[in-house]
Amino acid sequence: MNHDLKLFNTLTRSIEKLEPINDREVRMYNCGPTVYGFAHIGNLRSFIVNDTLRRTLEYTGHSVIQTMNITDIDDKMIARANEQGVSIHALGLEYENFLFADLKSLNVLTPHKMPRATDHIGGMVVMIEKLLRERFAYKASDGIYFEVAKAKNYGALAHLDMDAETESRVEGALDKKSPRDFALWKFETSDDYGNAYDASFGRGRPGWHIECSEMARDTLGETIDIHTGGVDLIFPHHTNEIAQSEAFNGKPFVKIWLHNEFVMVDGQKMSKSLGNHTTLKTITESGFSPLAFRYFVIGAHYRSKLNFTFEALEGAQNALRKLSEHIGEEVGSVNKDYQERFRDFVTQDLDTPRALALAWEVAKDASISPTDKTATLLDFDRVFGFGLATRKKETIPTHIKALAKSREEARENKDWAKSDKIRDEINSLGWNIEDTDKGPKISKLNS
Ligand code: AMP
Ligand code: ZN
(Lines give C-alpha, C1' and ligand atoms only; values in the text may rest on other atoms or scores of the structure.)
(Ligands and ions follow the chains in the order given, each with its own letter.)
Protein backbone atom coordinates (compact mmCIF):
# COMPACT_ATOMS: atom_id res chain seq x y z
CA MET A 1 0.00 0.00 0.00
CA ASN A 2 1.53 3.30 -1.05
CA HIS A 3 0.63 6.57 0.60
CA ASP A 4 1.40 9.92 -0.91
CA LEU A 5 3.74 11.95 1.20
CA LYS A 6 2.81 15.54 1.98
CA LEU A 7 5.51 17.93 3.10
CA PHE A 8 5.67 21.60 4.02
CA ASN A 9 7.58 23.36 1.26
CA THR A 10 9.37 26.48 2.53
CA LEU A 11 9.36 27.87 -1.01
CA THR A 12 5.56 27.97 -1.31
CA ARG A 13 4.85 28.11 2.44
CA SER A 14 2.32 25.32 2.01
CA ILE A 15 1.93 21.59 2.44
CA GLU A 16 2.42 19.87 -0.91
CA LYS A 17 2.18 16.37 -2.24
CA LEU A 18 5.61 15.01 -3.10
CA GLU A 19 5.70 14.17 -6.80
CA PRO A 20 9.14 12.75 -7.51
CA ILE A 21 10.67 13.60 -10.87
CA ASN A 22 11.52 9.96 -11.46
CA ASP A 23 8.50 7.85 -10.52
CA ARG A 24 9.02 6.60 -6.93
CA GLU A 25 12.73 7.41 -6.75
CA VAL A 26 13.50 10.41 -4.54
CA ARG A 27 16.71 12.39 -4.77
CA MET A 28 17.40 14.21 -1.53
CA TYR A 29 20.21 16.58 -0.56
CA ASN A 30 20.92 17.38 3.09
CA CYS A 31 23.21 20.24 4.08
CA GLY A 32 25.73 18.47 6.25
CA PRO A 33 28.18 19.45 8.95
CA THR A 34 31.12 21.80 8.95
CA VAL A 35 33.74 19.53 10.47
CA TYR A 36 35.80 21.93 12.59
CA GLY A 37 34.61 20.62 15.97
CA PHE A 38 32.11 18.29 17.60
CA ALA A 39 28.56 18.47 16.27
CA HIS A 40 26.14 19.77 18.91
CA ILE A 41 22.73 18.25 19.51
CA GLY A 42 21.06 21.01 17.46
CA ASN A 43 23.04 19.82 14.43
CA LEU A 44 22.19 16.26 15.36
CA ARG A 45 18.47 17.11 15.41
CA SER A 46 18.84 18.19 11.80
CA PHE A 47 20.45 14.85 10.87
CA ILE A 48 17.80 12.86 12.79
CA VAL A 49 15.05 14.75 10.94
CA ASN A 50 16.72 13.94 7.59
CA ASP A 51 16.96 10.30 8.59
CA THR A 52 13.33 10.16 9.69
CA LEU A 53 12.32 11.66 6.37
CA ARG A 54 14.37 9.06 4.49
CA ARG A 55 12.87 6.27 6.58
CA THR A 56 9.35 7.60 5.94
CA LEU A 57 10.04 7.74 2.21
CA GLU A 58 11.25 4.15 2.26
CA TYR A 59 8.34 3.08 4.47
CA THR A 60 5.93 4.47 1.90
CA GLY A 61 7.47 2.60 -1.01
CA HIS A 62 9.99 5.11 -2.38
CA SER A 63 13.60 4.40 -3.12
CA VAL A 64 15.86 7.17 -1.93
CA ILE A 65 19.19 8.51 -3.07
CA GLN A 66 20.46 10.64 -0.22
CA THR A 67 23.45 12.97 -0.26
CA MET A 68 24.81 14.65 2.87
CA ASN A 69 27.80 16.85 2.17
CA ILE A 70 30.77 17.49 4.40
CA THR A 71 31.91 21.12 4.49
CA ASP A 72 35.64 20.81 5.04
CA ILE A 73 36.83 24.17 3.75
CA ASP A 74 35.57 27.53 5.01
CA ASP A 75 36.71 30.36 7.30
CA LYS A 76 35.95 28.44 10.50
CA MET A 77 37.87 25.36 9.31
CA ILE A 78 40.89 27.46 8.34
CA ALA A 79 40.90 29.44 11.59
CA ARG A 80 40.66 26.30 13.76
CA ALA A 81 43.29 24.38 11.74
CA ASN A 82 45.68 27.32 12.03
CA GLU A 83 45.07 27.54 15.80
CA GLN A 84 45.91 23.84 16.17
CA GLY A 85 48.79 23.90 13.68
CA VAL A 86 47.25 21.12 11.55
CA SER A 87 45.97 21.00 7.98
CA ILE A 88 42.26 21.49 7.30
CA HIS A 89 42.27 17.94 5.91
CA ALA A 90 43.55 16.43 9.17
CA LEU A 91 41.09 18.54 11.18
CA GLY A 92 38.20 17.57 8.91
CA LEU A 93 38.98 13.85 9.02
CA GLU A 94 39.19 13.88 12.80
CA TYR A 95 35.78 15.49 13.34
CA GLU A 96 34.16 13.65 10.46
CA ASN A 97 34.95 10.41 12.29
CA PHE A 98 33.47 11.71 15.55
CA LEU A 99 30.33 12.68 13.63
CA PHE A 100 30.00 9.27 11.97
CA ALA A 101 30.21 7.63 15.40
CA ASP A 102 27.47 9.96 16.72
CA LEU A 103 25.23 9.22 13.74
CA LYS A 104 25.72 5.48 14.14
CA SER A 105 24.78 5.57 17.81
CA LEU A 106 21.64 7.56 16.89
CA ASN A 107 20.63 4.88 14.35
CA VAL A 108 20.94 7.40 11.52
CA LEU A 109 21.20 5.40 8.28
CA THR A 110 24.36 6.17 6.32
CA PRO A 111 23.56 8.55 3.44
CA HIS A 112 24.34 7.01 0.06
CA LYS A 113 26.69 9.82 -0.87
CA MET A 114 28.84 11.93 1.46
CA PRO A 115 30.94 14.21 -0.74
CA ARG A 116 33.62 16.43 0.78
CA ALA A 117 33.84 19.97 -0.53
CA THR A 118 37.61 19.71 -1.03
CA ASP A 119 37.09 16.79 -3.43
CA HIS A 120 34.80 18.94 -5.60
CA ILE A 121 36.83 22.10 -6.18
CA GLY A 122 37.24 21.29 -9.91
CA GLY A 123 33.46 21.16 -10.41
CA MET A 124 33.01 24.44 -8.53
CA VAL A 125 35.60 26.08 -10.81
CA VAL A 126 33.68 24.84 -13.89
CA MET A 127 30.46 26.32 -12.49
CA ILE A 128 32.08 29.68 -11.74
CA GLU A 129 33.69 29.83 -15.20
CA LYS A 130 30.29 29.41 -16.83
CA LEU A 131 28.64 31.93 -14.50
CA LEU A 132 31.39 34.42 -15.45
CA ARG A 133 31.00 33.66 -19.17
CA GLU A 134 27.26 34.17 -19.00
CA ARG A 135 27.63 37.37 -16.95
CA PHE A 136 25.88 36.09 -13.86
CA ALA A 137 29.19 36.65 -12.07
CA TYR A 138 31.94 39.28 -12.11
CA LYS A 139 35.38 39.87 -10.69
CA ALA A 140 35.93 42.32 -7.80
CA SER A 141 39.11 43.12 -5.86
CA ASP A 142 38.92 40.19 -3.40
CA GLY A 143 37.05 37.55 -5.34
CA ILE A 144 34.41 36.51 -7.85
CA TYR A 145 30.86 37.62 -7.00
CA PHE A 146 27.42 36.47 -8.09
CA GLU A 147 25.36 39.39 -9.37
CA VAL A 148 22.03 39.03 -7.59
CA ALA A 149 20.26 41.44 -9.96
CA LYS A 150 20.76 38.90 -12.79
CA ALA A 151 18.95 36.08 -10.96
CA LYS A 152 15.29 35.32 -11.57
CA ASN A 153 13.15 35.59 -8.40
CA TYR A 154 16.13 36.06 -6.10
CA GLY A 155 15.05 35.81 -2.46
CA ALA A 156 11.76 33.96 -3.09
CA LEU A 157 12.67 31.19 -0.65
CA ALA A 158 13.31 33.63 2.19
CA HIS A 159 10.55 36.06 1.09
CA LEU A 160 13.15 38.81 0.93
CA ASP A 161 11.96 42.34 0.29
CA MET A 162 14.36 43.28 -2.52
CA ASP A 163 13.42 46.96 -2.34
CA ALA A 164 14.32 47.24 1.33
CA GLU A 165 17.77 48.47 2.25
CA THR A 166 20.21 45.63 2.66
CA GLU A 167 21.51 45.05 6.14
CA SER A 168 25.10 46.02 6.77
CA ARG A 169 26.03 42.43 7.72
CA VAL A 170 26.25 41.46 4.03
CA GLU A 171 29.99 40.95 3.65
CA GLY A 172 32.57 41.35 0.93
CA ALA A 173 34.57 43.73 -1.20
CA LEU A 174 33.85 47.45 -1.29
CA ASP A 175 33.90 47.37 -5.08
CA LYS A 176 31.14 44.81 -5.53
CA LYS A 177 28.19 46.06 -7.56
CA SER A 178 25.46 45.62 -4.99
CA PRO A 179 25.51 44.88 -1.24
CA ARG A 180 23.53 41.67 -1.82
CA ASP A 181 26.05 40.20 -4.29
CA PHE A 182 27.80 37.24 -2.67
CA ALA A 183 31.18 35.56 -3.08
CA LEU A 184 31.56 32.52 -5.30
CA TRP A 185 35.34 32.53 -4.92
CA LYS A 186 37.70 34.31 -2.52
CA PHE A 187 41.16 35.18 -3.82
CA GLU A 188 44.11 33.87 -1.85
CA THR A 189 45.25 36.13 0.95
CA SER A 190 48.53 35.93 2.82
CA ASP A 191 47.16 34.00 5.83
CA ASP A 192 45.53 31.21 3.84
CA TYR A 193 48.42 28.80 4.59
CA GLY A 194 48.07 27.03 1.30
CA ASN A 195 44.33 26.41 1.49
CA ALA A 196 44.03 27.78 -2.01
CA TYR A 197 43.49 26.28 -5.45
CA ASP A 198 44.44 27.42 -8.93
CA ALA A 199 41.65 28.56 -11.22
CA SER A 200 41.48 30.39 -14.55
CA PHE A 201 39.99 33.43 -12.75
CA GLY A 202 42.65 33.52 -9.98
CA ARG A 203 44.05 31.41 -7.15
CA GLY A 204 41.76 31.14 -4.16
CA ARG A 205 39.07 29.08 -2.49
CA PRO A 206 35.32 28.67 -2.91
CA GLY A 207 32.57 30.50 -1.08
CA TRP A 208 30.33 28.28 1.07
CA HIS A 209 27.20 28.37 -1.11
CA ILE A 210 28.82 27.20 -4.36
CA GLU A 211 30.05 24.09 -2.53
CA CYS A 212 26.50 22.77 -2.07
CA SER A 213 25.36 23.77 -5.57
CA GLU A 214 28.19 21.74 -7.07
CA MET A 215 27.90 18.70 -4.77
CA ALA A 216 24.12 18.54 -5.33
CA ARG A 217 24.55 18.74 -9.10
CA ASP A 218 27.35 16.18 -9.22
CA THR A 219 25.74 13.60 -6.93
CA LEU A 220 22.02 14.01 -7.71
CA GLY A 221 21.58 15.95 -10.95
CA GLU A 222 20.26 19.34 -12.05
CA THR A 223 16.81 19.24 -10.47
CA ILE A 224 16.34 17.40 -7.20
CA ASP A 225 13.22 16.37 -5.28
CA ILE A 226 14.00 17.47 -1.72
CA HIS A 227 16.66 19.71 -0.17
CA THR A 228 16.89 20.07 3.60
CA GLY A 229 18.67 22.02 6.33
CA GLY A 230 18.00 23.96 9.50
CA VAL A 231 15.90 27.16 9.27
CA ASP A 232 19.06 29.26 9.66
CA LEU A 233 20.10 28.13 6.19
CA ILE A 234 17.06 29.59 4.36
CA PHE A 235 18.97 32.84 3.99
CA PRO A 236 21.60 33.36 2.77
CA HIS A 237 22.80 29.80 2.11
CA HIS A 238 19.83 28.18 0.36
CA THR A 239 18.72 31.43 -1.28
CA ASN A 240 22.17 31.70 -2.87
CA GLU A 241 22.32 28.02 -3.80
CA ILE A 242 19.10 28.50 -5.81
CA ALA A 243 20.48 31.58 -7.59
CA GLN A 244 23.73 29.86 -8.62
CA SER A 245 22.27 26.49 -9.54
CA GLU A 246 19.40 27.87 -11.59
CA ALA A 247 21.69 30.33 -13.41
CA PHE A 248 24.11 27.49 -14.20
CA ASN A 249 21.60 24.74 -15.10
CA GLY A 250 18.85 26.92 -16.59
CA LYS A 251 16.37 24.69 -14.74
CA PRO A 252 14.54 24.70 -11.40
CA PHE A 253 16.92 23.49 -8.71
CA VAL A 254 14.71 21.91 -6.05
CA LYS A 255 11.05 20.85 -5.86
CA ILE A 256 10.58 20.81 -2.07
CA TRP A 257 12.63 22.73 0.47
CA LEU A 258 12.30 21.29 3.95
CA HIS A 259 13.70 23.05 7.02
CA ASN A 260 13.91 21.90 10.60
CA GLU A 261 13.48 24.24 13.56
CA PHE A 262 16.12 24.75 16.22
CA VAL A 263 17.05 23.02 19.40
CA MET A 264 16.84 25.80 21.98
CA VAL A 265 18.35 26.38 25.41
CA ASP A 266 16.57 28.78 27.77
CA GLY A 267 14.84 30.51 24.87
CA GLN A 268 17.98 30.85 22.71
CA LYS A 269 19.15 28.89 19.68
CA MET A 270 21.73 26.28 20.60
CA SER A 271 24.96 27.26 18.87
CA LYS A 272 28.69 26.97 19.25
CA SER A 273 29.12 30.73 19.11
CA LEU A 274 26.73 31.33 22.03
CA GLY A 275 28.59 28.69 24.05
CA ASN A 276 25.29 27.06 25.13
CA HIS A 277 25.79 23.84 23.25
CA THR A 278 25.67 20.23 24.41
CA THR A 279 27.27 17.34 22.57
CA LEU A 280 26.22 13.71 22.42
CA LYS A 281 29.30 12.88 24.48
CA THR A 282 27.98 15.02 27.35
CA ILE A 283 24.66 13.23 27.07
CA THR A 284 26.16 9.75 27.28
CA GLU A 285 28.56 10.78 30.04
CA SER A 286 25.53 11.93 32.02
CA GLY A 287 24.14 8.40 31.85
CA PHE A 288 21.73 8.75 28.91
CA SER A 289 21.57 6.64 25.82
CA PRO A 290 21.92 8.40 22.43
CA LEU A 291 18.58 6.87 21.47
CA ALA A 292 16.90 8.68 24.36
CA PHE A 293 17.92 11.83 22.48
CA ARG A 294 16.45 10.42 19.27
CA TYR A 295 13.19 9.73 21.14
CA PHE A 296 13.24 13.31 22.49
CA VAL A 297 13.67 14.68 18.93
CA ILE A 298 10.97 12.49 17.39
CA GLY A 299 8.53 13.47 20.15
CA ALA A 300 8.41 17.00 18.68
CA HIS A 301 7.33 18.07 15.21
CA TYR A 302 10.35 19.00 13.09
CA ARG A 303 8.89 22.48 12.46
CA SER A 304 8.58 23.26 16.19
CA LYS A 305 11.34 24.68 18.32
CA LEU A 306 12.56 22.12 20.83
CA ASN A 307 13.77 23.27 24.23
CA PHE A 308 16.51 21.02 25.56
CA THR A 309 16.73 20.12 29.25
CA PHE A 310 18.17 17.08 30.99
CA GLU A 311 14.81 16.58 32.75
CA ALA A 312 13.07 16.26 29.39
CA LEU A 313 15.79 13.86 28.22
CA GLU A 314 15.26 11.76 31.32
CA GLY A 315 11.54 11.60 30.49
CA ALA A 316 12.42 10.45 26.98
CA GLN A 317 14.81 7.81 28.29
CA ASN A 318 12.17 6.39 30.65
CA ALA A 319 9.52 6.41 27.94
CA LEU A 320 11.80 4.63 25.48
CA ARG A 321 12.68 2.00 28.07
CA LYS A 322 8.98 1.43 28.84
CA LEU A 323 8.08 1.24 25.15
CA SER A 324 10.84 -1.35 24.61
CA GLU A 325 9.29 -3.47 27.35
CA HIS A 326 6.31 -4.07 25.04
CA ILE A 327 8.54 -5.83 22.53
CA GLY A 328 8.45 -9.58 23.07
CA GLU A 329 10.54 -12.38 21.63
CA GLU A 330 7.75 -13.59 19.34
CA VAL A 331 6.52 -11.48 16.44
CA GLY A 332 2.87 -11.83 15.30
CA SER A 333 1.13 -9.78 12.59
CA VAL A 334 0.93 -6.04 12.14
CA ASN A 335 -2.43 -4.58 13.17
CA LYS A 336 -3.77 -3.07 9.92
CA ASP A 337 -6.00 -0.42 11.52
CA TYR A 338 -3.18 0.98 13.57
CA GLN A 339 -0.82 0.75 10.61
CA GLU A 340 -3.25 2.75 8.48
CA ARG A 341 -3.46 5.50 11.12
CA PHE A 342 0.31 5.48 11.51
CA ARG A 343 0.78 6.00 7.77
CA ASP A 344 -1.70 8.85 7.83
CA PHE A 345 0.28 10.61 10.54
CA VAL A 346 3.77 10.19 9.15
CA THR A 347 2.74 11.08 5.60
CA GLN A 348 1.07 14.27 6.85
CA ASP A 349 4.23 16.39 6.97
CA LEU A 350 6.04 13.87 9.21
CA ASP A 351 3.76 14.14 12.21
CA THR A 352 6.02 12.07 14.44
CA PRO A 353 4.53 13.31 17.76
CA ARG A 354 1.13 11.87 16.81
CA ALA A 355 2.75 8.72 15.43
CA LEU A 356 4.55 8.27 18.75
CA ALA A 357 1.34 8.82 20.72
CA LEU A 358 -0.21 6.14 18.52
CA ALA A 359 2.60 3.74 19.41
CA TRP A 360 1.62 4.22 23.05
CA GLU A 361 -2.02 3.52 22.18
CA VAL A 362 -0.89 0.25 20.64
CA ALA A 363 1.26 -0.56 23.67
CA LYS A 364 -1.68 -0.01 26.02
CA ASP A 365 -4.37 -1.68 23.92
CA ALA A 366 -5.43 -4.78 25.83
CA SER A 367 -7.38 -6.09 22.84
CA ILE A 368 -4.19 -6.77 20.83
CA SER A 369 -2.13 -9.88 21.56
CA PRO A 370 1.45 -9.31 22.78
CA THR A 371 2.85 -10.86 19.60
CA ASP A 372 0.78 -8.58 17.33
CA LYS A 373 1.74 -5.62 19.51
CA THR A 374 5.38 -6.52 18.97
CA ALA A 375 4.87 -6.76 15.20
CA THR A 376 3.01 -3.43 15.03
CA LEU A 377 5.56 -1.55 17.13
CA LEU A 378 8.44 -3.00 15.10
CA ASP A 379 6.65 -1.88 11.95
CA PHE A 380 6.41 1.70 13.32
CA ASP A 381 10.05 1.50 14.34
CA ARG A 382 11.07 1.36 10.68
CA VAL A 383 10.30 5.10 10.78
CA PHE A 384 11.21 5.91 14.40
CA GLY A 385 14.59 4.18 14.22
CA PHE A 386 14.77 3.39 17.94
CA GLY A 387 16.16 -0.06 17.20
CA LEU A 388 13.35 -1.64 19.23
CA ALA A 389 14.16 -5.08 17.82
CA THR A 390 17.57 -5.02 19.44
CA ARG A 391 16.53 -3.10 22.54
CA LYS A 392 14.25 -5.91 23.62
CA LYS A 393 17.34 -7.90 24.58
CA GLU A 394 18.38 -4.97 26.76
CA THR A 395 15.26 -5.14 28.94
CA ILE A 396 16.56 -5.28 32.47
CA PRO A 397 15.19 -8.33 34.30
CA THR A 398 13.29 -7.64 37.55
CA HIS A 399 15.77 -9.59 39.71
CA ILE A 400 18.62 -7.35 38.46
CA LYS A 401 16.52 -4.25 39.20
CA ALA A 402 15.82 -5.62 42.70
CA LEU A 403 19.54 -6.17 43.29
CA ALA A 404 20.29 -2.64 42.11
CA LYS A 405 17.70 -1.31 44.55
CA SER A 406 19.25 -3.23 47.47
CA ARG A 407 22.63 -1.88 46.46
CA GLU A 408 21.27 1.68 46.52
CA GLU A 409 19.93 1.07 50.03
CA ALA A 410 23.31 -0.27 51.13
CA ARG A 411 25.00 2.83 49.68
CA GLU A 412 22.56 5.12 51.45
CA ASN A 413 23.51 3.34 54.70
CA LYS A 414 27.17 3.70 53.75
CA ASP A 415 27.53 -0.08 53.90
CA TRP A 416 30.20 -0.15 51.19
CA ALA A 417 31.13 -3.80 51.72
CA LYS A 418 27.55 -4.84 51.07
CA SER A 419 27.15 -2.54 48.09
CA ASP A 420 30.38 -3.94 46.54
CA LYS A 421 29.20 -7.49 47.12
CA ILE A 422 25.90 -6.76 45.36
CA ARG A 423 27.75 -5.15 42.47
CA ASP A 424 29.87 -8.32 42.09
CA GLU A 425 26.69 -10.37 42.07
CA ILE A 426 25.12 -8.14 39.40
CA ASN A 427 28.30 -8.49 37.33
CA SER A 428 28.33 -12.26 37.75
CA LEU A 429 24.81 -12.33 36.31
CA GLY A 430 26.06 -10.55 33.17
CA TRP A 431 25.03 -6.95 33.99
CA ASN A 432 26.98 -3.84 34.72
CA ILE A 433 26.03 -1.08 37.14
CA GLU A 434 27.56 2.34 36.88
CA ASP A 435 26.95 5.30 39.22
CA THR A 436 26.22 8.51 37.37
CA ASP A 437 25.03 12.00 38.35
CA LYS A 438 21.54 10.84 37.48
CA GLY A 439 21.73 7.69 39.62
CA PRO A 440 22.82 4.13 38.84
CA LYS A 441 22.81 3.02 35.22
CA ILE A 442 22.37 -0.66 34.42
CA SER A 443 23.52 -2.16 31.13
CA LYS A 444 24.45 -5.55 29.74
CA LEU A 445 28.13 -6.40 30.21
CA ASN A 446 30.10 -6.18 26.95
CA SER A 447 27.18 -4.69 25.05
P1 AMP B 1 26.69 23.30 10.57
O2 AMP B 1 27.58 22.18 11.02
O3 AMP B 1 26.79 24.51 11.41
O4 AMP B 1 26.89 23.62 9.10
O5 AMP B 1 25.17 22.81 10.72
C6 AMP B 1 24.68 21.55 10.33
C7 AMP B 1 23.15 21.57 10.35
O8 AMP B 1 22.63 21.82 11.67
C9 AMP B 1 22.52 22.65 9.46
O10 AMP B 1 21.42 22.11 8.76
C11 AMP B 1 22.05 23.70 10.46
O12 AMP B 1 20.98 24.45 9.95
C13 AMP B 1 21.61 22.82 11.62
N14 AMP B 1 21.56 23.52 12.93
C15 AMP B 1 22.48 24.38 13.44
N16 AMP B 1 22.12 24.79 14.69
C17 AMP B 1 20.95 24.15 14.99
C18 AMP B 1 20.07 24.13 16.14
N19 AMP B 1 20.33 24.83 17.25
N20 AMP B 1 18.97 23.36 16.08
C21 AMP B 1 18.69 22.62 14.97
N22 AMP B 1 19.46 22.59 13.85
C23 AMP B 1 20.58 23.34 13.85
ZN1 ZN C 1 24.62 23.51 2.17
5 angstrom amide H check on D365, placed H, neighbours 5+ away: none
Relative contact order [Cα under 8 Å, 6+ residues apart], the range 1-155, whole percent: 21
Among A300, A410, A156, residue whose mean-square fluctuation peaks in a GNM of the chain (springs only between Cα atoms under 10 Å): A410
Vicinal HN-Hα couplings computed from phi for the range 143-159 (Karplus, 6.51 cos²θ - 1.76 cosθ + 1.60; Hz; Gly/Pro x): x, 9, 10, 8, 8, 4, 4, 7, 7, 7, 6, 4, x, 4, 4, 8, 6
Order by protection proxy (mean Cβ within 10 Å, highest first), peptides 420-432, 70-82: 70-82, 420-432
Links that overshoot a 21 Å alpha carbon limit, given the list K401/K438; K177/K255; K414/K438; K152/K177; K76/K255: K177/K255; K76/K255
Kirkwood Rh in Å, taken over all unlike Cα pairs in the chain: 24.2
Contact order normalised by residue count of the range 19-260, Cα under 8 Å, 6+ apart, percent: 23
Net length gained if the chain between E408 and D175 were fully extended (0.36 nm per residue, minus Cα distance): 76.9 nm
Accessible solvent surface per residue of the chain, calculated while the other protein chains remain in place, 1.4 angstrom probe, Å²: 45
Estimated dipole of the range 19-260 in Debye, rounded to 20 [Cβ of Lys and Arg +1, of Asp and Glu -1, Cα centre]: 420
Distance (nanometres) between label positions extended 7 Å along Cα→Cβ at E340 and K130: 4.9
Mean separation of Cα contacts under 8 Å, 6 or more apart, over the residue count of the range 49-140: relative contact order %: 35
Directionally averaged shadow of the range 172-256, computed from the convex hull of its alpha-carbon atoms, nm²: 7.0
Dipole magnitude of the range 398-444, debye to nearest 20 (Cβ charges: Lys/Arg +1, Asp/Glu -1, about Cα centre): 140
20 °C / 1.002 mPa s Stokes-Einstein diffusion coefficient of the range 19-260, Kirkwood radius on C-alpha pairs, µm²/s: 115
Stretch gain in nm, segment E329-S304, where the contour uses 0.36 nm per residue and the Cα spacing is subtracted: 5.4 nm
Surface share of carbon and sulfur [accessible, 1.4 angstrom probe, percent] for the chain: 49
The range 19-260: antiparallel DSSP beta bridges as a percent of all, rounded to 5: 40
Entries of K104/K251; K305/K441; K272/K305; K17/K305 with Cα pairs more than 28 Å apart: K104/K251; K305/K441
Structure-based [θ]222 nm, the chain - -39500 (n - 2.57) summed over DSSP H runs of at least 4, per residue, nearest 500: -13000 deg cm²/dmol
Cα centre as origin, Lys/Arg/Asp/Glu Cβ charges: the chain dipole, Debye: 580
Integer Hz, Karplus 6.51/-1.76/1.60 couplings in order for the range 6-18, x for Gly and Pro: 10, 9, 7, 9, 4, 5, 9, 6, 8, 7, 10, 6, 6
Among beta bridges that DSSP assigns inside the chain, antiparallel share in %, nearest 5: 55
Estimated FRET transfer efficiency (I15, K418; beta-carbon r; R0 56 Å; 0.05): 0.40
Under Karplus coefficients 6.51, -1.76 and 1.60, residue-wise ³J(HN,Hα) of the range 425-441 in Hz, glycine/proline x: 5, 4, 4, 5, 8, x, 10, 10, 10, 10, 8, 10, 4, 9, x, x, 10
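The values are calculated or read from the model by the stated rules, or taken from the named source; none is laboratory data. Keep in mind that this is a model prediction, so the values were computed, not measured. With ideal geometry, Cβ positions are generated from the backbone for all residues, glycine too; neighbour counts draw on all protein chains shown. Surface accessibility is based on the protein's heavy atoms, side chains included, excluding ligands, DNA and RNA. Shrake-Rupley method; radii C 1.70, N 1.55, O 1.52, S 1.80 Å.
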